[in-house]
Amino acid sequence: MVGMISSMSAFDDDDAVTGAIAGAKSRKQVLERLGVTAATSNYQRLTRAAERVGATLPPLGRNFAPRPSSGALADEVHLRKLVASGLDLNGILAAVSLAQTPSNRHRLAGKLADLGLTAMRARPWKHNTTDNLTRLTGVPADRLFKAKKHTNATGDMAELAVAACLRRLGATVSFPFGYACRYDLIADFAGDLFRVQVKSGHLSKGCVSANTKSSNTNRPSRRYEVCDVDAIVVYCPALGSIYWVPTADLNGATILYLRVDEPANGQRASIRSAFDYYIGQV
């Protein structure tokens, strides 16, 4: 069934929604008044709830009319010093006592872009999971690599990651029997069913990209349409992130691009932000 994920009870109370919006200076403040977290899905639910009660939400503060910064990111002089010291985004967040979450990284990157600054890229930890697994299980590395290179390994890992993320968000996940359907799994949110096609995303040049065409060798390749699936859900192994993209948002594109890093030239128009579709981490 095509639709949106069911709202939480906080968004079903018209009086509570109206009262939370009244006098609020930001949408985050509205969510705090409702007692829910400032997650992307809750911002979407808040927008629908506001439309239902006929209330006007505070501006988003994006694109060409940014809302003045407040709190930890308000001190521009301090931010300039932190960037000049060579810290990456995570290091700057730690220095201003903010959690190292995707939402905060996007907020910080946007603030730095407004100031004409660019932080260093994060330095990933160096580790060798194969050596650890060999040591802990006794399975030789060559056998582990053989299993990893199986033709279905990438798709299997993506489906399991998406299923785990959706289950943590409260969905009941079902897998179809057979290969005749166009979707990989069904996400059931309290009775609202969504046909999900899972794709593995590739991180390159600040974007997560994924193919939006079928890859079944038994039939011609074609784009996924609204009649086939309700959403393309992308798992990016490099980031461990999950992105839910409604099929209607693809607009006929054969390759989906989700921008993770701020563009070097500061462009924001015609950019599909990964943050707008982010639903969780695995």
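Out of 226, 198, one residue alone is modelled with pLDDT under 90, farther than 19 Å from residue 102 by Cα and of a type in the set (A, V, I, L, M, F, W, C). It is 226.
For region 173-211, a tally of residues being at positive phi and over 19 Å from the mean Cα position of the chain (by Cα) returns 3.
Here are 20, 38: which of them is assigned to a loop (DSSP other than H, G, I, E, B) and of a type in the set (A, V, I, L, M)?
Details: 20 fails: assigned to a loop (DSSP other than H, G, I, E, B).
Checking each option against the conditions leaves just 38.
Taking region 94-195 and the helices (runs of 4 or more DSSP H) fully enclosed by it, the elements with 2 or more residues that are modelled with pLDDT of 90 or more are at 153-168.
The values are calculated or read from the model by the stated rules, or taken from the named source; none is laboratory data. This is a predicted model, so every value here is computed, not measured.
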